[in-house]
1. Can you name every residue in segment 73-89 that is of a type outside the set (Ser, Thr, Tyr) and at pLDDT 90 or above?
2. Out of the residues in segment 87-119 that are of a type in the set (Phe, Trp, Tyr) and over 11 Å from the mean Cα position of the chain (by Cα), which is farthest from residue 37 (Cα to Cα)?
3. Please go through segment 66-89 and pick out each residue that is of a type outside the set (Val, Ile, Thr) and either exposed (fewer than 12 other Cβ atoms within 10 Å of the Cβ) or assigned to a loop (DSSP other than H, G, I, E, B) (or both).
4. How many of the residues making up segment 90-108 are small (Gly, Ala, Ser), surrounded by 13 or more Cβ atoms within 10 Å (Cβ to Cβ) and either modelled with pLDDT of 85 or more or under 14 Å from residue 72 (Cα atoms) (or both)?
5. Mind listing whichever residues of segment 90-118 are among the acidic types (Asp, Glu) and touching a residue at least 40 places away in the same chain (Cβ under 8 Å)?
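The values are calculated or read from the model by the stated rules, or taken from the named source; none is laboratory data. Quick caveat, the model's predicted, so the values are computed rather than measured. Cβ sites come from the backbone with ideal geometry, for glycine too, and all protein chains shown count toward neighbours.
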Amino acid sequence: METPQVLENVECPEFHIEDVELESRLESRKIGSIATFSCPLGFVLQGPDKIACQKNGKRACRFPGDPVHGRITPVKFLYEIGDKILVQCHSGFLNTGKQKLQCLESGGWSDRVPKCHNYMGSTR
């Protein structure tokens, strides 16, 4: 007879937010939960607006969304710290930023997802 496995109750650490202007909402600290951040009108958020908790109790990056006229590979719902994504533009469009982004310990990406511009300079 096998001994039943005991699953540890894994939670992500609490957020320590120093900016009193930053608004945050945390569903829970359980695996898969999402914390969302926003700023009041007139302020610009620097960093990710959503952070997810992964099964090892650390924060993870969410799929940032494909750029218009482009795609991101590999596609996952959650990326682990250190994971990299490749941003490619469709034929006839040029990437205006970094082609490779990395998931950081903060739960955000190393840079913004670049835009894909056509050869004439438009994103349409």
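1. Filtering segment 73-89 down to residues of a type outside the set (Ser, Thr, Tyr) leaves 74-78, 80-89.
Selection gives 74, 75, 82, 83, 84, 85, 86, 87, 88, 89.
2. Within segment 87-119, the first condition is being of a type in the set (Phe, Trp, Tyr), and the residues that meet it are 93, 109, 119.
Now restrict to residues that are over 11 Å from the mean Cα position of the chain (by Cα): 93, 119.
Values: 93: 32, 119: 36 Å.
Within segment 87-119, the match that is farthest from residue 37 (Cα to Cα) is 119.
3. Narrowing segment 66-89 to residues of a type outside the set (Val, Ile, Thr): 66-67, 69-71, 74, 76-80, 82-84, 86, 88-89.
The answer is 66, 67, 69, 74, 76, 77, 80, 82, 83, 86.
4. Count: 1.
5. Taking segment 90-118 as the starting set, the residues that turn out to be among the acidic types (Asp, Glu) are 105, 111.
Result: 105, single match.
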